[in-house]
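K.L.:
The structure is given below, and queries will be raised subsequently.
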Amino acid sequence: MMIAMRIAMSIAVLVALAGTAAAGPLLTPIVDRNYALDMWSTIPFGDSASLAMGGADVARATGSSGALDNPTASAIRKSTDDVWGLDYHIDYLNGSLSSDYGNAGIDYNVYNGGNKPDQTSQQLTLGGALRVYNWGAAISGTVRSMNLGADPTSGGDVFAETALLKASLATFIEGPDIAIGIGAQGAYFNMQTDCAGPQCGNLFTVSGWGAQVGATWIPHMQSFRIGGVLSTGITGSDVTGGACTDPMNCDGYILPEKVVVPASANAGIAYRFAPSEWNQQTPGAFRDEQSLTVELDVLTSAPVSNAYGMDAFAIHDLERSDEHFSVSPRGGFEWEMVPGRFRLRGGSYWEPSRFEGVDGRVHGTFGLELRVFEVDIWGLRRGRITFTGDLAREYSNLGISIGLWH
């Protein structure tokens with residue numbers, strides 16, 4: 001098993017680093033406001049465990065971090081829980097070595113006078129969940145800040161900030177052993193510059209709301225789970241500027257009419273190899289046994305009408321977003337090598353291209369989780385520290401997180 005896991009992890013990383021981009025996209029200047037910014041992304045937005053497994057989490061999602069991927073997560077009882085359960089998470093990721101964070105494929109030697117951006121990204125996710133008997137509720141949020149590089153007109157850097165807040169309510173129905181959850185999600189988006197002009201600063205801010213519905217089948221005394229989630233799109237139509245008063249000339253930018261997060265569907269299946277069946281309650285505070293959990297997901301994102309990419313907007317151009325559905329298969333494993341002490345994770349996912357003339361890319365992901373302490377506070381609790389990575393062509397994301405060991 002150890003040899004197989006090492007080979008799988010090595011292949012994932014090597015494949016992720018291989019490959020070259022296509023010839024490049026066609027960019028056109030922005031001449032009016034008749035366009036939308038497409039906030040599509042298949043890069044995992046969840047916690048460190050989900051990211052380390054290639055974003056494959058919809059079937060095995062539990063607790064507060066799982067609520068980011070599936071609104072049923074708060075009602076799914078962990079195998080060692082009693083009649084109620086309380087959970088929280090906090091994760092931080094830093095992508096400081098990416099030259100093409102959004103896979104836009106822009107040749108800056110052609111379109112920006114050789115001024116290639118030094119793109120960076122930081123992400124923080126945190127939340128909490130409470131379960132009482134077969135009912136659960138969760139609130140989780142993710143904040144991401146991205147430096148898109150220098151504006152070719154002003155020379156100042158362009159920053160994009162996004163925040164996603166999710167609240168969900170779920171219940172588990174015994175008998176058919178199905179968890180059902182509904183949720184609301186709000187998105188906030190802000191773009192700004194740090195140039196020295198009179199209208200520099202906040203270019204625009206926009207927000208919007210959407211909904212989610214999910215289901216997870218957890219058959220009793222079996223070792224597999226199947227999950228699915230449908231998410232509506234989120235549209236922010238009230239694009240307003242901070243210091244900017246003219247949307248046709250906001251520090252040289254022509255602002256979009258709206259910003260859109262596309263609708264999506266995600267489905268997955270997970271299986272756990274271990275001495276005991278996965279879907280059962282077990283005695284004790286922790287379920288310490290060697291186990292290998294694998295999951296395969298397929299994430300499908302809808303197209304957005306008359307939409308264009310964010311990276312090209314930063315250099316005053318339009319890069320047409322694909323008018324077809326985008327499909328992202330993903331898979332990963334979690335291996336508890338030393339029961340109650342150490343876990344190894346690995347995976348991979350396909351990031352399809354959203355732009356014509358740009359190749360998709362394969363990501364290799366990995367993670368190490370170590371238990372660092374054990375205390376008795378309203379019951380026995382363990383703390384853990386997790387190191388996570390996501391590597392692809394012209395992309396890297398490395399992170400560290402702290403939280404509870406489950």
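K.L.:
So Gly347 clears everything in (1) surrounded by fewer than 22 Cβ atoms within 10 Å (Cβ to Cβ); (2) within 29 Å of Pro275 (Cβ to Cβ); (3) small (Gly, Ala, Ser) except one condition, right? Which one?
P.N.:
Looking at each condition in turn, Gly347 falls short on (1).
For (1) at pLDDT below 95; (2) in a strand (DSSP E or B); (3) under 25 Å from the mean Cα position of the chain (by Cα), each residue gets a yes or a no:
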position	(1), (2), (3)
Gly242	yes, no, no
Thr245	yes, no, no
Pro256	yes, no, yes
Val259	yes, yes, yes
Ala265	no, yes, yes
Gly268	no, yes, yes
Arg272	no, yes, yes
Glu277	no, no, no
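K.L.:
Then there is this: For residues in segment 176-190 being hydrophobic (A, V, I, L, M, F, W, C) and touching a residue at least 40 places away in the same chain (Cβ under 8 Å), which is nearest to Phe313 (Cα to Cα)?
P.N.:
If we filter segment 176-190 for residues that are hydrophobic (A, V, I, L, M, F, W, C), which is where we start, we get 178-180, 182, 184, 187, 189.
The next check asks that each one be touching a residue at least 40 places away in the same chain (Cβ under 8 Å); those that pass are 178-180, 182, 187, 189.
Values: Ile178: 44, Ala179: 42, Ile180: 39, Ile182: 34, Ala187: 19, Phe189: 14 Å.
Once the filter is applied, the top-ranked residue is Phe189.
K.L.:
Now, a different point. Any idea which residue in segment 166-195 is modelled with the lowest pLDDT, counting only those that are farther than 17 Å from Gly214 by Cβ and assigned to a strand (DSSP E or B)? I'd like the intermediate steps shown before the answer.
P.N.:
Looking only at segment 166-195, we keep the residues that are farther than 17 Å from Gly214 by Cβ, and these are 174-175, 186-195.
When the remaining residues are screened for being assigned to a strand (DSSP E or B), the result is 186-193.
Values: Gly186: 93, Ala187: 91, Tyr188: 91, Phe189: 89, Asn190: 88, Met191: 86, Gln192: 83, Thr193: 79.
Restricting to residues being farther than 17 Å from Gly214 by Cβ and assigned to a strand (DSSP E or B), the top hit is Thr193.
K.L.:
May I ask you to verify whether Arg330 is surrounded by 21 or more Cβ atoms within 10 Å (Cβ to Cβ), within 30 Å of Ser305 (Cα to Cα) and modelled with pLDDT of 95 or more?
P.N.:
Considered against the rule, which asks whether it is surrounded by 21 or more Cβ atoms within 10 Å (Cβ to Cβ), within 30 Å of Ser305 (Cα to Cα) and modelled with pLDDT of 95 or more, Arg330 comes out as yes.
K.L.:
Which residues, taken from segment 395-405, are buried (at least 17 other Cβ atoms within 10 Å of the Cβ) and either among the β-branched types (Val, Ile, Thr) or out of contact with any helix residue (DSSP H, G or I) (no Cβ under 7 Å at 6 or more places or on another chain) (or both)? Steps first, answer last, please.
P.N.:
Residues of segment 395-405 that are buried (at least 17 other Cβ atoms within 10 Å of the Cβ), as a first pass: 395-397, 399, 401, 403, 405.
Hits for segment 395-405 are Tyr395, Ser396, Asn397, Gly403, Trp405.
K.L.:
Need the failing condition index for Phe366 against (1) within 25 Å of Met39 (Cα to Cα); (2) touching a helix residue (DSSP H, G or I) at 6+ places or on another chain (Cβ under 7 Å), just the number.
P.N.:
(1)
K.L.:
Starting from segment 264-275, take each residue that is among the hydroxyl-bearing types (Ser, Thr, Tyr) and list its partners that are outside any strand (DSSP E or B) and surrounded by 14 or more Cβ atoms within 10 Å (Cβ to Cβ), counting only C-beta distances under 7 angstrom and pairs at least six apart or across chains.
P.N.:
Pairs found: Ser264/Ala302; Tyr271/Ser223.
The values are calculated or read from the model by the stated rules, or taken from the named source; none is laboratory data. Remember, it's a predicted structure, so these values are computed and weren't measured experimentally. Reconstructed Cβ throughout: ideal geometry from the backbone, glycine too, with neighbour counts over all protein chains shown.
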